[in-house]
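Structure first, then comments.
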Amino acid sequence: MSEFYDALEARDPQLREAALMAALPRQVAQAQAQTAAFAELLAGVDAGAVNSRPALARLPVTRKSELLARQQAVRAAGGDAFGGFSAIGWGAARRVFQSPGAIYEPEGAKPDYWRAARALHAAGFRAGELAHNSFSYHLTPAGSMMEGGAHALGCSVFPGGVGNTELQLQAMAELRPSGYIGTPSFLKILVEKAAEAGQALSLRKAMVSGEAFPTALRDWLLERGIAGYQCYATADLGLIAYETSAREGLVLDEGVIVEIVRPGTGDPVAEGEVGEVVVTTLNPDYPLIRFGTGDLSALMPGQCPTGRTNARIKGWMGRADQSAKVRGMFVHAGQVGEVLKRFPMLGRGRLVVEGELAQDRMSLQVELGAVPEGLADLLVSALRDVTKLRGEVQFVPPGSLPNDGRVIEDRRRFD
């Protein structure tokens, strides 16, 4: 499966970066001109000057919680259902979906609107095949997202949706699809139920998403003749990254600009450092600029052995939206980030919360070699200024804190 979906996947990395940075100012201008939310969030920003990653990194990150709050406030005031983030409305939006929150996302009329075809192609789906789609077709966009990608490849789709295991197995027996699309856990259920009934499945490939896809399950499926691949997509952004036959991380989609930032901030981290996935989409209908997914991952060095030249991420590594309640007050990852940002000489930092019952203690662990005199007192003061709580500071050797994206660690026991 080394065949590419299109020539974009094998572009010279410098040409790709130049193309993305050329498209970026147009997308920022589109967001400012066509959406009320970004007209406000990016007020005063010269879109033409946002033509590099450092310039992009100076723009604010909009996180899902902020998008939800703005949608709720605008709807409550009788305004736009999308909270001013969508450049299209009724009529131009072919469908509207609801994600938990509730957050509403538009689907435009462009074929393969969510760009899922690239991921399905990498998983081996080809024209003239039947794909059994077990993602939901109701409320959330997963079913439509994958169906649009399959249609772009020339596949027919059976819209199985979720549940109704026996009916779905009946359809598989009678229609004999070559590929499955859906969550890995439901695929495992289908395979086990089929084995119990003595039913031979025609499935030879699978595109899974929506939950973890551990190596053990991947190998279990392969032993039963099904090559499963995963992709990383969200209801807001569509496809972000996808797995290839190399099985080495996930290759970034060609239609997004991805940054990995320190949790709670908008500051990009070094390659290999775990941080929050922040995405700028080039979709003019829903032009999200620096959208914080809340997911943790890390950029990988080098290129995919399949010959795809785009950057790769390690996949989903946890959640970035960390917080802890200390002595009756919430401390958030963004506050830890704000403290660390005041002292550029510091390496990684982690706020550790310990204690029992009402004896909460918090200590800011920071990586630093030689410690300048008086720095500890300045850090203690900054920590109290930002969090309104007293805490200690502990210096640790550079590289000693885990590279896991965690900036708040709650060690308390409540049992």
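The values are calculated or read from the model by the stated rules, or taken from the named source; none is laboratory data. Quick caveat, the model's predicted, so the values are computed rather than measured. Using ideal geometry, Cβ is built from the backbone for each residue, glycine included, and neighbour counts are taken over all protein chains shown. The accessibility values were calculated without ligands, DNA or RNA, using every heavy atom of the protein model including side chains. Shrake-Rupley method; radii C 1.70, N 1.55, O 1.52, S 1.80 Å.
Work from the charge dipole of the range 46-123 (Cβ charges, +1 for Lys and Arg, -1 for Asp and Glu, about the Cα centre) and give the residue of Ala69, Leu59, Phe97 farthest towards its positive end.
Leu59
So between Arg247 and Trp220, what do we pick up on full extension, going 0.36 nm a residue minus the alpha carbon distance?
Answer, rounded to one decimal: 8.2 nm.
Calculate the length of the line joining the C-alpha centroid of the range 110-167 to that of the range 1-61, in whole Å.
Centre-to-centre (Cα) distance: 28 Å.
Which ³J(HN,Hα) values in Hz, rounded to whole numbers, follow from the phi angles of the range 48-64 under the Karplus curve 6.51 cos²θ - 1.76 cosθ + 1.60, where θ = phi - 60° and Gly and Pro get x?
Computed from phi, the couplings for the range 48-64 are x, 7, 8, 10, 8, 5, x, 5, 4, 5, 7, 7, x, 8, 9, 8, 4 Hz.
Counting other Cβ atoms within 10 Å, which trypsin sites (Lys or Arg not before Pro) in the range 155-245 have at most 16 and lie in a DSSP loop?
Arg204, Arg224
Quick one: if the Förster radius is 35 Å, what FRET efficiency do His138 and Glu3 give, using the C-beta to C-beta distance and rounding to 0.05?
0.55
What distance in nm lies between label points placed 7 Å from Cα along the C-beta direction at Met21 and Thr165?
5.3
Express the carbon and sulfur contribution to the solvent-accessible surface of the range 1-41 as a percent, rounded to the nearest whole number, probe 1.4 angstrom.
Its accessible area is 56 percent carbon and sulfur atoms.
Stretch Ala127-Ser156 to full length: gain in nm at 0.36 nm per residue minus the Cα-Cα span? Numbers along the way, then the final one.
Numbers: separation 29, 0.36 × 29 = 10.44 nm, distance 0.83 nm.
Extra length available between Ala127 and Ser156 comes to 9.6 nm.
Just by accessible area at a 1.4 angstrom probe, what is the order of Trp316, Trp114, Trp90, Trp220 from largest to smallest?
So the residues, ranked largest to smallest area, are Trp90, Trp316, Trp220, Trp114.
Could you give the distance between the Cα centres of the range 328-388 and the range 261-305, to the whole Å?
25
Under a 1.4 Å probe, what is the accessible area of the range 107-218 per residue, stated in Å²?
Numbers: 4580 Å² over 112 residues.
Averaged over the residues of the range 107-218, the accessible area is 41 Å².
Kindly state, to the nearest 0.05, the FRET efficiency for Arg342 paired with Asp46, given R0 = 25 Å and r defined as their beta-carbon distance.
The pair Arg342/Asp46 has a calculated efficiency of 0.35.
Among bridges DSSP assigns within the chain, what percent are antiparallel (round to 5)?
Among the beta bridges of the chain, antiparallel pairing accounts for roughly 60 percent.
Label Asp404 and Arg390 with points 7 Å out from Cα along Cα→Cβ: what is the distance between them in nm?
In this crude label model, Asp404 to Arg390 measures out at 3.0 nm.
Would the range 161-201 count as rounded, prolate or oblate if I go by the C-alpha gyration tensor, calling it rounded below 1.5 in a/c and otherwise prolate when a/b exceeds b/c, oblate otherwise?
It is rounded, given that a/c, with a ≥ b ≥ c, falls under 1.5.
For the range 296-359, which whole percent of the accessible surface, found with a 1.4 angstrom probe, sits on carbon and sulfur atoms?
Heavy-atom surface of the range 296-359 belonging to carbon and sulfur, 1.4 Å probe: 57 percent.
Among the lysines, select those whose C-alpha is under 26 Å from the C-alpha of Lys64, and discard any that sit fewer than 8 residues away in the same chain.
Of all the lysines, those that pass the test against Lys64 - Cα under 26 Å, at least 8 places apart if same chain - are Lys110, Lys314, Lys325, Lys341, Lys388.
Report, in debye and to the nearest 20, how large the dipole of the chain comes out about its Cα centre when Lys and Arg carry +1 and Asp and Glu carry -1 on their Cβ.
260
Per the helix-only calculation at 222 nm, which mean residue ellipticity applies to the chain, given -39500 (n - 2.57) for every DSSP H run of n ≥ 4 and division by its residues, nearest 500 deg cm²/dmol?
-8500 deg cm²/dmol
Points 7 angstrom from Cα along the Cβ direction at Arg411 and Lys110: gap in nanometres?
4.9
Can you give me the accessible area per residue for the range 298-393, using a 1.4 Å probe, in Å²?
With all protein chains present, the range 298-393 gives 52 Å² per residue.
Rounded, prolate or oblate, given the Cα gyration tensor of the range 360-415, with a/c below 1.5 counting as rounded?
Oblate.
Using a probe of 1.4 angstrom, how much of the accessible area of the range 93-250 is carbon and sulfur, in percent?
54
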